[in-house]
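What follows is one structure encoded as structure tokens, with my remarks underneath.
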Amino acid sequence: MSLTRRELCCLFPALVAAGTAGTAIPAFAAEDELLPSATFAFDKMPVQALDHAEVRRIMKGKLATGERVEAHETTLPVNGYPHAPHHHAHSEMWLIREGTVELTINGTSHRLGPGGLGFVTSNEEHGIKNVGAGPATYFVIAIGPGADT
């Protein structure tokens with residue numbers, strides 16, 4: 001099943017239902033199990049400090065339609081980036097919550113601020129970096145082969 005950008009954007013609120021009553025911790029399905037319907041209270045999600053970022057893991061697993069999905073929130077410090085530019089089989093979408101980032105897709109850089117959305121399709125090289133004066137926070141939705149690994 002292929003999804004259009006519009007369909008992916010429409011999935012975002014369903015995947016990241018922050019601040020509502022429901023599941024207090026992120027949802028992670030076993031490899032052969034489907035993700036259950038759920039909500040995720042943002043203030044209950046644990047924050048994991050990594051070398052280059054802080055991450056809130058929201059959910060990952062398999063959708064009823066067969067696609068693999070993973071969602072998380074990342075906060076980068078000034079001039080921070082999570083890893084070098086790379087590519088993989090799944091598609092990714094970034095929704096910028098605060099700050100200013102530079103999203104590079106196949107060597108072309110794009111600046112995005114709060115409310116901006118970036119999308120990269122399967123196997124295109126991409127990277128993201130905080131280019132603002134303060135922290136940058138964004139949500140990531142990954143869909144496709146390997147998104148939940």
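The values are calculated or read from the model by the stated rules, or taken from the named source; none is laboratory data. The shown structure was predicted, so the numbers you read here are calculated from the model rather than taken from an experiment. Cβ sites come from the backbone with ideal geometry, for glycine too, and all protein chains shown count toward neighbours.
Go through the residues of the range 88-95 one by one and say whether even a single one is modelled with pLDDT under 95 and under 15 Å from VAL140 (Cα atoms). Taking every residue of the range 88-95 in turn, none turns out to be modelled with pLDDT under 95 and under 15 Å from VAL140 (Cα atoms). Quick check, is PRO36 loosely packed, with under 13 Cβ neighbours inside 10 Å, touching a strand residue (DSSP E or B) at 6+ places or on another chain (Cβ under 9 Å) and within 21 Å of GLY146 (Cα to Cα)? Judged against the criteria, PRO36 is a match. Scanning the range 35-81 for residues that are in contact (Cβ under 8 Å) with a residue 24 or more places away in the chain, in a loop (DSSP other than H, G, I, E, B) and over 27 Å from GLY134 (Cβ atoms) gives LEU35, LEU63, ALA64, THR65, GLY66, GLU67.
The set of residues in the range 82-99 that are in contact (Cβ under 8 Å) with a residue 40 or more places away in the chain, crowded, with 19+ Cβ neighbours inside 10 Å and in a loop (DSSP other than H, G, I, E, B) contains only HIS90.
For (1) basic (Lys, Arg); (2) over 11 Å from the mean Cα position of the chain (by Cα), each residue gets a yes or a no:
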site	(1), (2)
MET59	no, no
HIS72	no, no
GLY80	no, yes
ARG97	yes, yes
VAL101	no, yes
GLY116	no, yes
VAL120	no, yes
ILE128	no, yes
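So that you can scan it fast, the table gives a plain yes or no per residue for (1) closer than 17 Å to HIS86 by Cα; (2) surrounded by 19 or more Cβ atoms within 10 Å (Cβ to Cβ); (3) basic (Lys, Arg):
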site: SER109; (1), (2), (3): yes, no, no
site: LEU112; (1), (2), (3): no, yes, no
site: SER122; (1), (2), (3): yes, no, no
site: GLY134; (1), (2), (3): no, no, no
site: ILE141; (1), (2), (3): yes, yes, no
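The numbered conditions (1) more than 30 Å from ALA30 (Cβ to Cβ); (2) under 12 Å from the mean Cα position of the chain (by Cα); (3) outside any strand (DSSP E or B) are all true for ALA147 except (1).
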